Amino acid sequence: MKNYAKHFLFFAAAIMIATASMAQVKSKKASAAKKQQPAKQEAAPININMGTTGQKGDKTLYADEWTVPASTLKFMQLPYAYDALEPVIDKLTVEIHYSRHHRAYYDNFLKAIAGTDMEKMNIYDIFFKISDLPAAVRNNAGGYFNHALYWHNMSQKGGGNPSGELARAIDRTFGSFDEFKKRFDDAAKTRFGSGWAWLAVDLKSGELFVSSTANQDNPLMNTESNRGFPILGIDVWEHAYYLKYQNKRADYVESFWKIINWNDVEARYTHFLQTREKFLR
Ligand SMILES: [Fe+2]
C-alpha cells in the first residue's frame with residue numbers, strides 16, 4: 001500500500017511537471033510568433049502619385065494618375081494641415097472628414113474589391129461599369145475618389161476667379177463666370193439629401209458642364225446621364241459642414257468660393273483635355 005502511494009505521488013508529480021513545461025513551450029512559441037508579426041501599417045503618409053501644377057507649389061491630382069490597378073491605389077495625403085482652410089472650414093471638420101470619413105471609404109473600397117477582378121481594373125473602368133457592380137463598390141469607390149478631388153480643389157491660398165484656358169472655357173460655355181457660379185451654387189444647394197455638385201468635362205465633346213450627383217456617385221459613373229471627368233467638386237453631405245454651419249448648407253456653399261484652388265482646377269482641366277482619348281470607351 002505504501003509503495004502504491006509512492007508510485008501514485010511520483011506519477012502525479014511527473015504529470016504536473018510535463019504540463020507546466022508544455023505551457024512554457026506554448027507561451028514561448030506565442031511570444032516568438034508575436035515578435036515575427038509585421039508592424040501594423042500606418043495610414044499615412046502615402047500619396048497617389050500626386051503631380052504638381054508647377055504653380056506656387058500647389059499640388060494637383062491629374063486624371064491619368066488613377067490609371068493603375070485599383071488594388072495598388074494608396075490613401076492620399078491631405079495636401080495641407082487640418083487647420084489650413086480656417087475659417088471657411090474648421091479644423092475639426094477637416095480632421096474628422098479626412099481621417100475618418102475619407103479613410104473609411106478607402107478602406108472599404110479595397111475590402112469590396114479584394115479577391116475580385118476589380119483589383120486589376122483601374123478606378124475609371126470600375127466607374128464606367130458601376131451599374132453592374134455591388135453597391136459597396138459604388139459607394140466606396142465614389143467616396144474615395146470624390147474626396148481626393150475635393151481636398152485638392154481647396155487651398156488656403158484659394159479664391160478669386162479662374163484664369164487662362166479654363167476661364168475662357170467657362171465664359172464660352174456659360175456666358176460668364178457669374179452665370180457659371182450661379183449654376184454651380186444651385187446644383188450644390190438644391191441637391192436633395194447627401195451628394196455632390198460638380199464642374200466636369202464631357203468625356204466625348206470636351207465641353208464643360210455643371211451637374212450634381214446623389215450619395216457618393218460622380219459624373220464618371222455609367223449611371224449618370226451627364227457623363228464627364230470632374231474637375232471641381234463640392235461635398236454637400238452634412239458631415240462636410242455641419243459642425244460650423246449646422247443646417248445652413250447655403251452659407252457653406254457660398255464660403256466655398258473663398259478657398260477654391262483654381263490652379264488645381266485649371267491644371268486638371270488642361271491635362272485632362274490632353275489625355276482625354278485614354279478615357280473614351
Ligand atoms: Fe464627405
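Taken together, the values in this text are just the output of simple stated rules run on the coordinates, not laboratory data. Just so we're clear, the structure is a prediction, and the values are computed from it rather than from any experiment.
What the table shows:
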read-out	value
Hull volume in cubic angstrom per residue (convex hull over the Cα atoms of the stretch 107-158)	83 Å³
Backbone HN-Hα couplings from phi across the stretch 196-202 [Karplus 6.51/-1.76/1.60, Hz, Gly and Pro as x]	9, 10, 9, 10, 9, 10, 4
Sequence-distant residues sharing a close amide H with L208 (under 5 Å, placed H)	D202
The stretch 94-107 - phi-based ³J(HN,Hα) in whole Hz, Karplus 6.51/-1.76/1.60, Gly and Pro as x	5, 4, 5, 4, 6, 7, 9, 5, 4, 4, 5, 4, 4, 4
The stretch 51-279, Cα convex hull volume normalised per residue, Å³	112 Å³
Two-decimal log10 I(q)/I(0) for the stretch 81-139, as the Debye equation yields it once each C-alpha is a single scatterer, q = 0.27 Å⁻¹	-1.02
Mean shadow area of the stretch 212-262, taken as a quarter of the surface of its Cα convex hull (nm²)	4.1 nm²
Distance between the stretch 245-281 and the stretch 64-97 - C-alpha centres, whole angstrom	14 Å
Whole-Å semi-axes of the ellipsoid equivalent to the stretch 167-281 (Cα gyration tensor, √5λ, descending)	24, 16, 12
